[in-house]
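Contents: one structure, followed by commentary.
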Amino acid sequence: MPLSNMAVRDIETVIHPYTNLARHREVGPLILNEGRGIYLYDDTGKRYIEGMAGLWCTALGYGNQEIAEAGAEALRKVSFTHAFGGKSHDGVIELSEKLKEIAPCPASKVLFGTSGSEANDMQIKLSWYYNNARGKVSKKKIISRIRAYHGVTIASASLTGLPWVHNDFDLPIANILHTSCPHYYRYGQDGETEEQFAARMAQDLEDMILREGPDTIAAFIGEPLMGAGGVLLPPKGYWEKVNAILAKYDIRFIADEVICGFGRTGNWFGTTTFGMKPDSISMAKAITSAYFPLSALTVEEDLYQAMLDESRKLGTFGHGYTYTAHPVGCAISLKTIEIYQRDKIMEHAAKMSPVFQMRLNKLADHPMVGEARGVGLIGAVELVADKATKRPFDPKKMVGAATVNALQEMGLIVRNIQDSVALCPPLVITTDEIHEMFDIFEKGLDQME
Ligand code: PLP
């Protein structure tokens, strides 16, 4: 089919992130200008199920008029105020109170940004700042994990443990380390139980801490489940062991709840689902159901006290974005959380989870599927060339990408991470819609055989 006029203009002007730019010049963009509920519509009127909630973020689906109205009202009232120099507004005060109330960690204060990358970037800065303030100047290294995803700013991309985020960008920066990836299906050894694997992964972490010297390690960051690394669930007992190791060596524990936060795993936060004990959490995405770019992180009391001391010494807390605590973002987040609570969205997601997981698990019977894994309303299948030996496909064949392209043709938008294909629909999805989504998925897989 010839490319449309808008498609040609896109190719000539737009750089698309996480896109094969050479292929894009041939196939052009998928132009999506409209959405309702879990569906998006392209410029020819074709309907798609958004099986990835955008980028793991549109929890309440598209076209929510209440949120649109809350944003419009905030824009009409005061389009912009900032938070520098002690300026504030009702929205940021109310939202901070609300986030402190629901956060699954002992939060003293809340600090805002506009993206998940910024939130994690701030986490690194604050970890360094904290240790300088308390005189532990050598305690600076941050431990992340291979296959983690924490963003793309220079510092947060360094935390990310995926080669294509580092290669040719001269990353990672100094002081960022990556410990083993706890993906049992792929990295478990023959005869090793899931619990033994979890213990080995925790031991790898402890060995790294001891090798580097505990006095050099400031923080550890982890997603409750690894999302953009392939929806990798923690093996049984993993977080319990990691909690204990981090506490033992006085290492700040940051939970990156950018995907898991606000209902994705069946609870408000993945931290609760998996029994993590973080000092601080990063949030973004579903904090506004992606109706506005906003992120936040919680600041624990010790860290806040150190920030106070530094502020007395240095005259200011030297950090802030123009759009820190944007009033429109705060109003939209407050309305989103109000809807989550009023309409019992977390309960709805938890109720839909068994239907979603049942259909996901059924995919494990497919000859191309090595593993189907998930929790709550998130999951993935890992496609393999040989089910019995778990042998992956030749990467050059790009089977995951081809599967996603075929599914898109059939009206289902999902996302591949190499040969894993992820599913993460809006939390408002219904039973019928879950079946419709998996019916397409099954047909698509059959076509790939
Ligand atoms: N952290 C996690 C767990 C993520 O999944 C993402 C994005 O997908 C980020 C951080 C980065 O967020 P953003 O793309 O808003 O910068």
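General observations
- Straightening the chain between residue 93 and residue 68 buys 6.9 nm, computed as 0.36 nm per residue apart minus the Cα-Cα spacing.
- Judged by the ratio a/c of the largest to the smallest principal axis of the C-alpha gyration tensor, region 135-204 counts as oblate, that ratio being 1.5 or greater while a/b is no larger than b/c.
- The GNM of the chain, with springs linking C-alpha atoms under 10 angstrom apart, assigns the highest mean-square fluctuation among 346, 410, 358 to 358.
- Listed by chain and number, the aspartates and glutamates whose alpha-carbon sits under 12 Å from that of residue 387, ignoring those within fewer than 8 places in the same chain, are 365, 371.
- Each Cα pair under 8 Å and six or more residues apart adds its sequence gap; the mean of these over the residue count of region 68-342 is a relative contact order of 28 percent.
- Which listed pairs, of 141/277; 109/344; 141/390; 139/277; 335/362; 109/141, have C-alpha distances above 32 Å, in listed order: 141/390; 335/362
- Of the residues 305, 357, 408, the one that moves most in a GNM of the chain with alpha-carbon contacts below 10 Å is 305.
- In terms of packing, defined here as the mean over residues of other Cβ atoms within 10 angstrom, the peptides 81-94, 40-53 line up highest first as 40-53, 81-94.
- Built amide H within the under 5 Å cut-off of residue 261, gap 5+: 270
- Close amide H contacts of residue 149 (hydrogens built in the peptide plane, cut-off under 5 Å, sequence separation of 5 or more or a different chain): 161, 227, 228, 229.
- Straight-line cross-link reach from residue 351 at under 18 Å between alpha-carbon atoms covers these aspartates and glutamates, not counting any fewer than eight positions away in the same chain: 343, 432, 433, 436.
- Per-residue ³J(HN,Hα) for region 260-273, Karplus 6.51 cos²θ - 1.76 cosθ + 1.60, θ = phi - 60°, Hz, x for Gly and Pro: 6, x, 6, x, 4, 9, x, 10, 4, 9, x, 3, 6, 4
- Computed on the chain, the Cα convex hull volume stands at 152 Å³ per residue.
- Under 19 Å from residue 77, Cα to Cα: aspartates and glutamates that are on another chain or at least 8 residues apart: 66, 69, 90, 94
- 3J(HN,Hα) from dihedral phi, region 203-212, Karplus parametrisation 6.51/-1.76/1.60, rounded to Hz, x for glycine, proline: 5, 4, 5, 5, 4, 5, 4, 6, 4, 6
- Peptide packing: for 396-403, 228-235, the average count of neighbouring Cβ atoms within 10 Å per residue gives the ranking 228-235, 396-403, highest mean first.
- The phi-based Karplus calculation (6.51 cos²θ - 1.76 cosθ + 1.60; θ = phi - 60°) puts the 3J(HN,Hα) values of region 11-21 at 4, 7, 10, 9, 9, 9, x, 6, 9, 6, 5 Hz, whole numbers, x for Gly and Pro.
- Descending by average beta-carbon neighbour count within 10 Å, the peptides 215-226, 319-330 line up as 215-226, 319-330, the highest first.
Laboratory data are not the source of any read-out in this text; all were calculated from the coordinates shown. These numbers were taken from a predicted model, which means no experiment stands behind them. FYI the Cβ positions are ideal-geometry reconstructions off the backbone, even for glycines, and counts take in every protein chain you see.
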